[in-house]
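The values are calculated or read from the model by the stated rules, or taken from the named source; none is laboratory data. In this text the structure is predicted, and so the values were computed from the model without any measurement. All Cβ positions, even for glycine, are placed from backbone atoms using ideal geometry, and neighbour counts span all protein chains on display. Calculation scope for accessible area: heavy atoms of the full protein, side chains included, ligands and nucleic acids excluded. Shrake-Rupley method; radii C 1.70, N 1.55, O 1.52, S 1.80 Å.
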2 protein chains.
Amino acid sequence: MAIRIGILGYGNLGRGVECAIKHNQDMELAAVFTRRNPASLNVLTQGVKVYRAEDAPEKKNEIDVMIICGGSATDLPKQTPEMAGYFNIVDSFDTHAKIPEHFAAVDKAARESGHVGIISVGWDPGMFSLNRLYANAILPGGKDYTFWGKGVSQGHSDAIRRIEGVRDAKQYTIPVDCALEAVRSGSNPELTVREKHTRECFVVAEDGADLEKIRETIINMPNYFSDYDTTVHFISEEELKRDHAGIPHGGFVIRSGRTGWENEHNHVIEYRLKLDSNPEFTASVLAAYARAAHRLNQEGQIGCKSVFDIAPAYLSELDGAELRKRLL
Amino acid sequence: MAIRIGILGYGNLGRGVECAIKHNQDMELAAVFTRRNPASLNVLTQGVKVYRAEDAPEKKNEIDVMIICGGSATDLPKQTPEMAGYFNIVDSFDTHAKIPEHFAAVDKAARESGHVGIISVGWDPGMFSLNRLYANAILPGGKDYTFWGKGVSQGHSDAIRRIEGVRDAKQYTIPVDCALEAVRSGSNPELTVREKHTRECFVVAEDGADLEKIRETIINMPNYFSDYDTTVHFISEEELKRDHAGIPHGGFVIRSGRTGWENEHNHVIEYRLKLDSNPEFTASVLAAYARAAHRLNQEGQIGCKSVFDIAPAYLSELDGAELRKRLL
């Protein structure tokens with residue numbers, strides 16, 4: 001029987017989960033839940049019902065895993081523990097500093113209800129975290145580097161849009177090639193924020209806006225841009241729509257470290273993602289961990305977990321013998 | 001209390017494990033076991049005793065995990081199940097076709113004795129396998145590519161050394177750059193064996209040997225070289241010692257696959273290793289999985305496992321809360 005998945009929140013990420021379910025033959029989309037008017041949503045999957053978010057608990061016997069597709073700032077801290085009271089859940093909570101308290105809240109709710117909750121699933125946190133852990137365990141005493149991009153940063157794009165005279169904007173984070181090469185060489189360089197990434201902004205200004213003032217405001221914006229070399233391009237609304245509609249992202253996790261009795265040998269471990277669609281890739285990771293949540297709960301496990309706590313085999317449709325035969 | 005590690009077999013891999021233990025503060029080398037005369041071995045670690053391999057069972061209460069550092073062809077199929085009767089064990093069994101029967105033999109012995117055995121640990125099988133599994137689970141319907149090198153292939157070097165007139169030789173497997181780039185582009189190319197790797201051989205010939213005949217014998221050798229573009233360089237014994245003493249290796253695991261309702265977005269996941277010392281890196285992975293074997297057994301688990309069955313957190317010295325704080 002297929003794993004019955006519920007989606008709570010139908011934005012880019014929720015739609016990405018819907019697409020991921022289509023690609024996984026052992027899953028089916030059971031229902032979508034939204035805080036908007038359910039009648040206003042057109043989901044892609046034929047015949048799937050849309051319900052109000054607050055009615056989710058009533059569907060608890062019809063859903064094996066609820067994938068919670070809200071934002072980390074305000075949605076997930078409330079929704080995830082709440083939903084863990086009724087469902088096995090997976091979320092993509094990514095506010096690093098608040099992971100301990102989120103973990104504790106989800107753990108409490110999931111233990112009380114007898115469910116599994118897997119939090120902070122995606123690529124960072126998620127696949128990048130896993131690669132940091134594996135590489136740290138193999139090369140103790142080494143050095144970690146994470147580069148992001150080339151990709152769209154939603155937060156930085158939003159910050160530009162809030163500037164007076166800006167109608168729309170898109171910001172790309174770009175890793176610096178020579179910094180990447182220095183890290184790959186195994187020389188363990190010390191790199192400043194400015195040396196690791198550049199920022200490129202495509203801005204649509206209001207008619208008659210002071211472009212030089214907008215540019216100055218962007219490149220001097222503290223936290224967001226002032227520590228980086230930032231380039232600002234003013235383009236038309238048509239160009240923005242035509243050339244910058246996508247949400248690509250990706251990045252690199254690299255660890256280099258030494259082995260040998262006298263540290264005589266160097267090693268470099270590199271993990272790289274190149275993603276056409278950030279939300280769809282994140283959603284694909286969420287779907288794989290939904291499979292794990294369902295299986296773990298069927299085995300009697302409960303409580304909150306992160307990607308660190310899940311044996312890789314739980315992510316795959318294949319059984320142990322097949323996995324060893326085909327992928328080991 | 002430190003995890004007490006035993007090493008069975010003191011070649012390049014065994015010495016690598018000894019070095020890895022030095023880099024892991026929660027481990028100590030308890031003893032080395034050898035089929036050679038124990039008095040003939042000079043181990044690097046001060047004060048560590050060397051015993052005959054056949055006396056290992058007597059030390060079963062002094063060792064938490066035995067890391068078995070023999071060869072896959074004849075040593076491990078016999079040694080690993082035997083040792084799993086007395087110890088938690090880790091090995092690097094890498095004969096892909098025989099993994100199912102090796103798994104079954106180790107599982108039986110480990111269950112009967114109440115121990116954990118983790119087989120086929122290293123980088124391929126091992127870290128490469130893990131990356132295949134994760135990438136397959138995230139991007140179903142995608143395509144896998146594995147490239148090896150640049151690195152020394154022991155088997156191919158040995159094959160050259162058996163040719164008449166050859167005194168010594170070293171063979172490098174080299175991934176073809178344009179094939180790698182084609183894979184990274186996400187175009188999912190169909191690649192022949194010849195298109196993926198080239199082979200480069202450095203050969204020391206006997207005085208007066210027929211060099212052209214040696215070259216012909218190498219490049220036409222079935223299975224080993226005839227399917228590849230192979231370059232042969234004749235060099236002096238001094239040059240071989242000076243320029244080709246190392247055992248570097250590495251490679252790439254790449255999966256690309258599509259997401260979206262109509263498969264409209266492409267993604268590329270790449271894992272790369274660049275290793276100065278193949279045996280020392282393999283040994284470092286073995287050490288991390290020895291930690292996992294010990295912990296799992298302390299929790300009451302028994303039987304044979306592969307890297308697919310081990311939750312990543314078991315590899316790290318850090319506890320769950322610290323891992324979430326530092327690496328998630």
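Assorted remarks:
- Inter-part distance, the range B:225-288 to the range A:88-116, computed on C-alpha centroids, equals 39 Å.
- Placing a label point 7 Å from the Cα of residue A:62 along the Cα-to-Cβ direction, the residues of the range A:71-110 with a backbone N closer than 16 Å are A:87.
- Accessible-area ranking of A:102, A:23, largest first, probe 1.4 Å: A:23, A:102
- Separation of the alpha carbons by more than 23 angstrom is noted, of A:143/B:325; A:170/B:325; A:78/B:325; A:325/B:78; A:196/B:274; A:78/A:98, for A:170/B:325.
- Binned Cα-Cα distances of the range B:270-328, short to long, each 10 Å bin given as a whole percent: 18, 43, 33, 6
- Taking every Cα-Cα distance in the range A:221-269 and sorting them into 10 Å bins from zero, the calculated P(r) comes out as 16, 22, 27, 17, 13, 6, 0 percent.
- Residue-level accessible surface for residue B:206, protein heavy atoms, 1.4 Å, Å²: 80
- Rounded FRET efficiency, nearest 0.05, which uses the C-beta distance separating residue A:113 from residue A:220 and R0 of 60 Å: 0.75
- In the range B:137-170, trypsin sites (Lys or Arg not before Pro) in a DSSP loop with at most 15 other beta-carbon atoms within 10 Å: B:162
- Hypothetical label at residue B:242: residues of the range A:258-278 whose amide nitrogen lies under 12 Å (7 Å Cα-Cβ projection): none
- Inter-copy label distances at residue A:227, shortest first and taken from points set 7 Å along Cα to Cβ: 5.0 nm.
- Loop-located chymotrypsin sites (Phe, Trp or Tyr not before Pro) across the range B:124-179 with a Cβ neighbour count of 13 or fewer within 10 Å are lacking, with loop assigned by DSSP.
- Computed with a 1.4 Å probe over protein heavy atoms only, the accessible area of residue B:107 comes to about 30 Å².
- In this Cβ point-charge picture (+1 for Lys and Arg, -1 for Asp and Glu), chain B has a dipole of about 680 debye about its Cα centre.
- Each other copy holds its own label point for residue A:185; taking that point as 7 Å from Cα along Cα to Cβ, the gaps run 2.9 nm, nearest first.
- Translational diffusion coefficient (Stokes-Einstein; Kirkwood radius from C-alpha pairs) of the protein assembly as shown at 37 °C, 0.692 mPa s, in µm²/s: 122
- Placing unit charges on each Cβ (+1 for Lys and Arg, -1 for Asp and Glu) gives the range A:74-142 a dipole about its Cα centre, and among A:92, A:128, A:79 the Cα reaching farthest toward its positive end belongs to A:128.
- As a ratio to 2.2 N^0.38 Å, the alpha-carbon radius of gyration computed for the range A:9-55 takes the value 1.10.
- The radius of gyration of the Cα set in the range A:1-147, together with its Dmax, comes out at 16.5, 56 angstrom.
- Computed over the Cα atoms of the range A:63-118, the ratio of the radius of gyration to the Kirkwood radius (Rg/Rh) comes to 0.93.
- Taking 20 °C and 1.002 mPa s as conditions, the range A:123-173 diffuses translationally at an estimated 160 µm²/s according to Stokes-Einstein applied to its Kirkwood radius (Cα pairs).
- Solvent-accessible surface ranking, highest first, for B:267, B:233 at 1.4 angstrom: B:233, B:267
- Diffusion coefficient, µm² s⁻¹, Stokes-Einstein with Kirkwood Rh over alpha-carbon pairs of chain B at 10 °C and 1.306 mPa s: 73
- Across the identical copies, how the residue B:245 labels are spaced - nm, sorted shortest first, 7 Å along Cα→Cβ: 6.1
- Only helices enter the 222 nm calculation for chain A: every DSSP H run of n ≥ 4 contributes -39,500 (n - 2.57), and dividing by all residues gives -10000 deg cm²/dmol, rounded to 500.
- Of A:83, A:221, A:66, the one that fluctuates the most in a GNM where chain A has Cα springs shorter than 10 Å: A:221
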